[in-house]
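The values are calculated or read from the model by the stated rules, or taken from the named source; none is laboratory data. All values reported here derive from a predicted model rather than from experimental measurement. Here the Cβ positions follow ideal geometry from the backbone for every residue, glycine too, while neighbour counts run over all protein chains shown.
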């Protein structure tokens, strides 16, 4: 089976973001580690926190899939193994355009520097990531650092949405593989897939928010939401319209094993209360993956820029990366339920 647009992503929330931005009314996008479609699918290759050589091997294997057009979702904050991944693809013969931009979500690239809400990426919460902090504000310097420069790779600025759309069009004209955040992947999808009307999906109460992300942005969003924040082990009362459970923030550095352990703990809480909720909101890629596991979801659309919504076991599932959204993101999302 050949796919019109085959997309990979380096973590689960990123995969859902891509599925959400590509989806439309009556056009859900299969998304997950084993997703397949003859039109469009998004495959999570789960490479954000593994060894670089393993990441390169995974993306090479994934893109053996027959496809007319291709894209790869890299982290907007330049975290993870994206440099080694694009180099592996370039060595495989793919011509690649890196467009590190998603203006609707506050990500943009100007004069080769990536900004998150007007802060260079190293000065943003992404720069303090406890596990995969970026090493530079400039993608070209990351490629140089890891010895991943290649004649098949170009990096293009996109400081606003018109520039992003122009970059996506140029990527299509030059028959390049788009590599960038979900916004860049979505702009490229608009070049190669039929026009799609935005899906209308309404959040239903009761809502359970599970936050396993340690990103300062996500924790600030919970504070701004203004709901009581429960910790693992606290009683959860879903007779109320919104309940929030967040993992404890450890002192000092956190290891990958500890992070994955916390994700599993938070996923267990979500599963224990799943039957009583109508909408489950998961914040954090590891936690999302621990809840959904290897199941392929039909991603329905987005509820805000970079925040996708899916149907999961007859419930609504909203997934949000820790660094996605303004301080008001959750408050805006749930204002009708407060």
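With (1) within 28 Å of residue 159 (Cα to Cα); (2) in contact (Cβ under 8 Å) with a residue 24 or more places away in the chain; (3) within 20 Å of the chain's Cα centre (by Cα) as the list, and residue 95 as the residue in question, which single condition is left unmet?
(3)
Is at least one residue of region 140-155 within 18 Å of the chain's Cα centre (by Cα) and on the phi < 0 side of the Ramachandran plot?
To start, the set of residues in region 140-155 that are within 18 Å of the chain's Cα centre (by Cα) comprises none.
Within region 140-155, not a single residue is within 18 Å of the chain's Cα centre (by Cα) and on the phi < 0 side of the Ramachandran plot.
Just checking, which of 159, 137 is modelled with pLDDT of 95 or more and farther than 30 Å from residue 255 by Cβ?
So the residue among 159, 137 that is modelled with pLDDT of 95 or more and farther than 30 Å from residue 255 by Cβ is 159.
Of the numbered conditions (1) loosely packed, with under 15 Cβ neighbours inside 10 Å; (2) assigned to a loop (DSSP other than H, G, I, E, B), residue 236 fails exactly one; give the number of that condition.
(1)
Go through 216, 205 for me and flag whichever is over 18 Å from the mean Cα position of the chain (by Cα) and either more than 19 Å from residue 304 (Cβ to Cβ) or surrounded by fewer than 24 Cβ atoms within 10 Å (Cβ to Cβ) (or both).
205
Of the residues 84, 49, which is at pLDDT 95 or above and on the phi < 0 side of the Ramachandran plot?
On the way: 49 fails: at pLDDT 95 or above.
Step by step, each of 84, 49 is checked, and only 84 is at pLDDT 95 or above and on the phi < 0 side of the Ramachandran plot.
Kindly provide the set of residues from region 256-288 that are within 25 Å of residue 73 (Cα to Cα) and without any contact (Cβ under 8 Å) to a residue 24 or more places away in the chain, ordered by number.
The answer is 257, and nothing else.
Here are some residues: 106, 112, 77, 26. Which one is at pLDDT below 95 and touching a helix residue (DSSP H, G or I) at 6+ places or on another chain (Cβ under 7 Å)?
77
Taking the condition buried (at least 21 other Cβ atoms within 10 Å of the Cβ), in contact with a strand residue (DSSP E or B) (Cβ under 9 Å, 6 or more places away or on another chain), under 20 Å from residue 218 (Cβ atoms) and touching a residue at least 12 places away in the same chain (Cβ under 8 Å), does residue 75 pass? Write out each step before concluding.
Values: buried (at least 21 other Cβ atoms within 10 Å of the Cβ): yes; in contact with a strand residue (DSSP E or B) (Cβ under 9 Å, 6 or more places away or on another chain): no; under 20 Å from residue 218 (Cβ atoms): yes; touching a residue at least 12 places away in the same chain (Cβ under 8 Å): yes.
The answer is no for residue 75.
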